[in-house]
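Notes for the one structure printed next.
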Amino acid sequence: MTVAMPFDAAATRAQFPLLARSGLHYLDSGATSQMPQAVLDAVVRFETTSRANVLRSVHRLAEAATDAYEGARRDIAGYLNVADDEIVFTSGTTAGINLVARSFGDGLQPGDEIVVSLMEHHANFVPWQMLRDRHGIVLKILPLTGDGRLDLGALARTVTPRCRLIALTHASNVTGAVTDVAPVVAAARAVGAKVLLDGAQRLPHGPVDLKALDVDFYAFSSHKMFGPTGVGVLWARKALLEAMPPFLGGGEMIRTVTLERTIWADVPHKFEAGTPPIAQAVGLGAAVRWLRTLDWPSVSAHEMRLTQRLLDGLGQVKGTRVVGPTGLQGRIPVVSFDIDGAHPHDICQILDGYGVALRGGHHCAQPLMDHLGLAGTTRASLALYNNDADIDALLKGLDAAAMRLR
Amino acid sequence: MSDDLYQQAIMERAKGRVGAGRLANPTASATVDNPLCGDRITLDLSLSNGTIAAIGHHVRGCALCQASAAVIAAAAIGQTPDDALAGRNSLKSVLKGEAAAAPWTDLGIFAPVQRHKSRHDCVLLPFEALSQALAQAKT
């Protein structure tokens, strides 16, 4: 059992070597978070003491590599309160959702329906459009409320008996709105549909108990939750994984191969064809172990205090409009905004001159941008290592950028 | 430092918006998107006696994209399609740190963009639209 230590914001930030760089205010964690020393050390330790392929050779290095890889799987499963063999390593959220679209989706019939929302990341939109075009399924769109949240009141008329899957973001990468999952699960269960959540943005901001959420699929990426790039996880209920055909064929996903046929390996390896991102998975395991040491109520309070500071400051910048929820209820510390007469890329470029790293653009959510009538927004995405100075640097730079660009 | 991008010459072009607005009866039109940021330009042109008589554009984009479209609208009038097409190569030369060739010497204002690779497409987007519109006018 891991005992959570009281959260010390400065001490936590000090664990991220890159953030020691003078004058850097990193507010682009929604794109990629930084890695703490504990994760960096775990990756280097693996590469220098245990590097070998997994689930193949019998030599000691290979056994150590397999132990580290499967150990990471156990740590991740424990963090999410699910079984080890329900954790499929992928290359990231996009790959996880594509796996479901190909494997679960290809089993659907023409006329079957999948519900997504207007504010999905392209990763949870394009694979379903592709499935629609392959199989003639019907893609239905859940609308948004005026404050940029999912309009759960529209579930009743959107989810019909032909619905087979509701695939939604757990937290928006644009507006920061967190999805209220229970009504979604209830609507799905009422018609026998499954629920998939894109957890990429939600997991960096606290543990998620998948058993309690009662969804069917959950996809996320390591690099957004303080782990290495190149690895992610698809979690699914074991019965679903067992019923689904493999997505990719190749080494490691088989039990036997003859000239006539192939018998698949058991789950989860059935879905892990080829050499997986081993060191990266080990790094993700270390990230999860590190996350377990944190006192999350205190971390959340810290993140929300900074979010309020940011929202208050944005309210003082003339012509600025926050896109999405303007309060702290049901949100992650991701804030998008629009400044009259100033393009997001120009704002981000000028802010870079102040050492502030932001993202501007459509955030891989073009249907949402079209709905909002915007080409893009400027986004500040915070993580637990941010501090008051980061927010203040952003606000100071924004004043200057707005003056320069108008 | 990013400030060099927003120097007076570029901002004057961006805010001056020369050529902003659609043409009523263009010879050709092209709409081009920048998939990275979602910016979009629609460029109309009219040809008369083998030269460009008018250019209009609607830009949903950043200051660099606006400035680039304005430079096109100011410089391309009276040019043959071949001379106008040379503008894109001239801009690419500027983005490699070389001088802008006549009749596109105004593109020299984009010299600071050379250091910001992620912004090269912002200034190239209007030239892509110009190329597509000219190709369409030929057919």
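The values are calculated or read from the model by the stated rules, or taken from the named source; none is laboratory data. This one's a predicted model, so the numbers in the text were calculated from it and none came from an experiment. For neighbour counting, all protein chains shown are included, and Cβ atoms are generated from backbone atoms with ideal geometry for every residue, glycine included.
With respect to the numbered conditions (1) charged (D, E, K, R); (2) more than 15 Å from residue A:165 (Cβ to Cβ); (3) in contact with a helix residue (DSSP H, G or I) (Cβ under 7 Å, 6 or more places away or on another chain), which one is the sole condition not fulfilled by residue A:211?
Residue A:211 satisfies all of (1) charged (D, E, K, R); (2) more than 15 Å from residue A:165 (Cβ to Cβ); (3) in contact with a helix residue (DSSP H, G or I) (Cβ under 7 Å, 6 or more places away or on another chain) except (3).
If I go through the range B:54-86 residue by residue, how many of them are more than 25 Å from residue A:343 (Cα to Cα) and touching a residue at least 12 places away in the same chain (Cβ under 8 Å)?
Result for the range B:54-86: 11.
Rundown of residues vs (1) among the β-branched types (Val, Ile, Thr); (2) touching a Lys or Arg at 6+ places or on another chain (Cβ under 7 Å), yes/no style:
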| residue | (1), (2) |
| --- | --- |
| A:103 | no, no |
| A:110 | no, no |
| A:113 | no, yes |
| A:159 | yes, no |
| A:172 | no, no |
| A:180 | no, no |
| A:190 | no, no |
| A:193 | no, yes |
| A:205 | no, no |
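Condition first: outside any strand (DSSP E or B) and modelled with pLDDT under 95. Can you find one or more residues in the range A:173-187 that meet it? Quick ask: steps written out before the conclusion?
If we filter the range A:173-187 for residues that are outside any strand (DSSP E or B), which is where we start, we get A:173-176, A:179-187.
Of the ones still in play, those that are also modelled with pLDDT under 95 are none.
No, because not a single residue in the range A:173-187 is outside any strand (DSSP E or B) and modelled with pLDDT under 95.
Considering the range A:366-376 alone, what residues qualify as being surrounded by 24 or more Cβ atoms within 10 Å (Cβ to Cβ) and either at pLDDT 95 or above or of a type in the set (Asp, Glu) (or both)?
Within the range A:366-376, just A:368 meets the criteria.
Against the condition crowded, with 20+ Cβ neighbours inside 10 Å, at negative phi and not hydroxyl-bearing (Ser, Thr, Tyr), how does residue B:36 come out, does it pass?
no
Please state which of the following conditions residue A:230 fails to meet, knowing it meets all the rest: (1) at negative phi; (2) touching a residue at least 40 places away in the same chain (Cβ under 8 Å).
For residue A:230, the exception is condition (1).
Count, please, the residues in the range A:95-110 that happen to be surrounded by 22 or more Cβ atoms within 10 Å (Cβ to Cβ) and over 20 Å from the mean Cα position of the chain (by Cα).
The total comes to 2.
Only one of A:267, A:181, A:195 is crowded, with 16+ Cβ neighbours inside 10 Å, in contact (Cβ under 8 Å) with a residue 60 or more places away in the chain and touching a strand residue (DSSP E or B) at 6+ places or on another chain (Cβ under 9 Å). Can you tell me which?
Result of the check over A:267, A:181, A:195: A:267.
If residue A:281 satisfies all but one of (1) more than 14 Å from chain B (Cβ to nearest Cβ); (2) assigned to a loop (DSSP other than H, G, I, E, B), what's the number of the condition it fails?
(2)
For the range A:314-406, list the helices (runs of 4 or more DSSP H) that sit wholly inside it and hold at least 3 residues that are touching a helix residue (DSSP H, G or I) at 6+ places or on another chain (Cβ under 8 Å) and more than 9 Å from chain B (Cβ to nearest Cβ); which are they?
On the way: elements: A:344-352, A:366-372, A:388-405.
Passing ranges, in order: A:388-405.
Just checking: which of the helices (runs of 4 or more DSSP H) contained wholly in the range B:36-139 hold 1 or more residues that are more than 14 Å from the chain's Cα centre (by Cα)? Steps first, answer last, please.
Working: elements: B:63-75, B:81-94, B:120-138.
So the answer is B:81-94, B:120-138.
Of everything in the range B:21-55, what is among the hydrophobic types (A, V, I, L, M, F, W, C) and more than 14 Å from chain A (Cβ to nearest Cβ)? Give them in sequence order.
B:23, B:24, B:28, B:30, B:43, B:45, B:47, B:52, B:53, B:54, B:55, listed by residue number.
Report yes if some residue within the range A:345-354 is surrounded by fewer than 24 Cβ atoms within 10 Å (Cβ to Cβ), without any contact (Cβ under 8 Å) to a residue 60 or more places away in the chain, out of contact with any His (no Cβ under 8 Å at 6 or more places or on another chain) and of a type in the set (Asp, Glu); otherwise report no.
yes
What single numbered condition from (1) in contact (Cβ under 8 Å) with a residue 12 or more places away in the chain; (2) within 22 Å of the chain's Cα centre (by Cα); (3) not in a strand (DSSP E or B) fails to hold for residue A:273?
It is condition (2) that residue A:273 fails.
Output the helices (runs of 4 or more DSSP H) that fall wholly within the range A:1-93 and possess 3 or more residues being charged (D, E, K, R) and within 25 Å of the chain's Cα centre (by Cα), or say none.
A:60-80
Restricting to the range A:55-78, give me the number of residues that are at pLDDT below 95 and within 16 Å of residue A:88 (Cβ to Cβ).
The qualifying residues number 1.
Which condition from (1) surrounded by fewer than 23 Cβ atoms within 10 Å (Cβ to Cβ); (2) part of a loop (DSSP other than H, G, I, E, B) is the one that residue A:130 breaks?
For residue A:130, the exception is condition (2).
Which of the residues belonging to the range B:1-31 are among the small types (Gly, Ala, Ser) and either surrounded by fewer than 13 Cβ atoms within 10 Å (Cβ to Cβ) or in a helix (DSSP H, G or I) (or both)? Give the steps one after another, and end with the answer.
So the first thing to find is which residues in the range B:1-31 are among the small types (Gly, Ala, Ser), and the list is B:2, B:9, B:14, B:16, B:19-21, B:24, B:28-30.
Matches in the range B:1-31: B:9, B:14, B:16, B:21, B:24.
Please list, ordered by first then second residue, the pairs with beta carbon atoms under 8 Å, 6 or more apart or interchain, first in the range B:112-135 and within 12 Å of another protein chain (Cβ to nearest Cβ) and touching a residue at least 40 places away in the same chain (Cβ under 8 Å), second part of a loop (DSSP other than H, G, I, E, B) and small (Gly, Ala, Ser).
Sorted first by the residue in the range B:112-135, then by its partner, the pairs are B:116/B:2; B:122/B:61; B:125/B:61.
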